[in-house]
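Rule-based calculations on the coordinates, nothing more; no lab input. This is a predicted model, so every value here is computed, not measured. Glycine gets a Cβ as well: all are built from the backbone with ideal geometry, and neighbour counts include every protein chain shown.
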Amino acid sequence: MKNLLKTILLVGAVVSGFVPALTLPAHALVEINVNKGNIEPLPIAITDFLSSGGQGKEISDIVTADLKRSGLFAPIDKAAFIEKISNTDQAPRFQDWTAINAQALVVGRVSQEGDGRLRAEFRLWDTFAGQQMIGEQFFANPQNSRRIAHQIADAIYERLAGEKGYFDTRVVFVDESGSKTQRKKRLVIMDQDGANLRYLSDGRAIVLTPRFSPNRQEITYMSYESGQPQVYLLQIETGQRELVGNFPGMTFAPRFSPDGQKVIMSLLRDDGNSNIFTMDLRSRNTTRLTNESAIDTSPSYSPDGSRIVFTSDRGGQPQIYVMGADGSGQTRISFGGGSYSTPVWSPRGDLIAFTKQSGGEFQIGVMKTDGSGERILANGFQMEGPTWAPNGRVLMYFDQAAGSGGPKLKTVDLTGRNQQSIPSKNFASDPAWSPLLD
């Protein structure tokens, strides 16, 4: 990951990357407000990046796909373009772009350095103000061309939406193949758009519930290699694997604490109850946080590490509870009809995502951290396991349609209006979204 370099491109009207909003004329581009409930996608023109080979078009196509899939942008059909960009060092003919209602314009070029690296540069223009909003260049080995495209899309997203992007990320999930009675489950990692799929396990043992560290390219997951549940840590880049411990009766694989030094999990102990425990990854010492004659499970830390959300049926059916990181102040926050499961705290700290079963269907929803403002974002025959994009604006989950034979991955944004399917070779479940790559 360290072989990709970004620099600010200083040309034309000198504008650095990731700057505060420009003071623009009244007729200029209106930037996207992602906090609005109903967002009108911004018309944007993304030209084929100039290049001597095919890398330029490939990169611009990936940028286009990323921005379109976010639901915040409406890329304009290239057939409508009037001006043909032949020199990215010159300002475009803005009237040709405003004529087709392109409120923003992206141009770029890709070349190869003497040492073999790709150099990709782009410029984002506000066509109505006639000003460059951002210009950057990236250097990478040719095999990292997709990462360049995702980082360009992130830069555009951040400049126009005022929020960190989420395109330069990866997702780990469980790949499922074979019949229902002989289902093979393997760990797989891919780019967030489904590309660059790579297997991390060979399928000889069942693997479940992978979870990403919040601050490094490391996952924890559960495996049945020895016939009983074992928890492993796996370094994605090196492939180094470490056994955390054997936990008979575990109901859910651990999640990391925000600092990555602990994991939190639900364990079934000799008293027959399922309760919440933490484990220090250095000392391997465990601390019990709940002590109920009930099923307490699915714990998830708040991003500041001060609180924990979890599911408990101590009230008669599974509902969502929160408590302090030391187990204090256990409080129920969900009171809707149906049962709740798999709660996970947003990386922004403002919402909790969950799975809900109600009225004979499954639902993916969010609520505020005090339980108020519950909203259902997606519903269907069987869906489960929400995981947050690192900017806290998009959720991924797995969804199985009636009669489909197995689950697939989908995303939905916080408006609930932009649902997208993620391509996968086989059935797919238990997704976990990575932090932004370095």
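Taking 18 Å as the straight-line reach from the Cα of residue 410, the aspartates and glutamates in range (excluding those fewer than 8 positions away in the same chain) are 66, 168, 175, 176, 191, 193, 361, 384, 399, 430. The peptide list 147-160, 118-131, 264-277, put in order of mean Cβ contacts within 10 Å with the highest first, becomes 147-160, 118-131, 264-277. Think of the chain as having a plus end and a minus end, set by charges on the Cβ of Lys, Arg, Asp and Glu; of 102, 157, 257, 257 sits farthest toward the positive end of this dipole. Taking a ≥ b ≥ c as the square roots of the eigenvalues of the alpha carbon gyration tensor, the range 170-433 is rounded, as a/c is under 1.5. For a test of the definition: using alpha carbon positions, the gyration tensor, and the 1.5 limit on a/c, classify the range 320-438 as rounded, prolate or oblate. Cα axes put the range 320-438 in the oblate bin.
The C-alpha atoms of the chain define a longest principal axis, and helix 55-69 lies at about 60 degrees to it.
Mind running the shape call on the range 265-308? Use the C-alpha gyration tensor, a ≥ b ≥ c as the square roots of the eigenvalues: rounded below 1.5 for a/c, prolate if a/b tops b/c, oblate otherwise. It comes out oblate by the Cα gyration axes.
Dipole check for the range 73-178: with +1 at the C-beta of Lys and Arg, -1 at the C-beta of Asp and Glu, and the Cα centre as origin, the magnitude is about 200 Debye. With a cut-off of 15 Å between beta carbons, the residues surrounding residue 218 carry a summed charge of +3, where Lys and Arg count +1 and Asp and Glu -1. Across the range 202-219, the residues whose backbone nitrogen lies under 20 Å from the label position 7 Å along the beta-carbon direction of residue 226 are 202-210. By the count of other C-beta atoms within 10 Å, a proxy for reagent exposure, 345, 433 are ordered fewest to most as 433, 345. Helical runs assigned H by DSSP (4 residues or longer) give the chain a calculated mean residue ellipticity at 222 nm of -2500 deg cm²/dmol, each run adding -39500 (n - 2.57) before division by the residue total.
Using the average count of surrounding beta-carbon atoms within 10 Å as a protection proxy, the listed peptides 410-423, 206-219 rank, highest first, as 206-219, 410-423. Since only 232, 172, 124 are under comparison, the one whose Cα sits farthest along the positive direction of the charge dipole of the chain, derived from C-beta charges on Lys, Arg, Asp and Glu, is 232. When +1 charges are put on Lys and Arg Cβ atoms and -1 charges on Asp and Glu Cβ atoms, the dipole computed for the range 242-360 relative to its Cα centre reaches about 140 debye. What is the list of residues in the range 103-139 whose amide nitrogen lies under 12 Å from a point 7 angstrom out from the Cα of residue 87, following Cα to Cβ? Answer for this model: none.
Between the helical axis of 145-161 and the longest alpha-carbon principal axis of the chain there is an angle of about 90 degrees.
In this Cβ point-charge picture (+1 for Lys and Arg, -1 for Asp and Glu), the chain has a dipole of about 580 debye about its Cα centre. Here the gap between residue 100 and residue 270, fully extended at 0.36 nm per residue and compared with their Cα-Cα distance, gives a gain of 54.3 nm.
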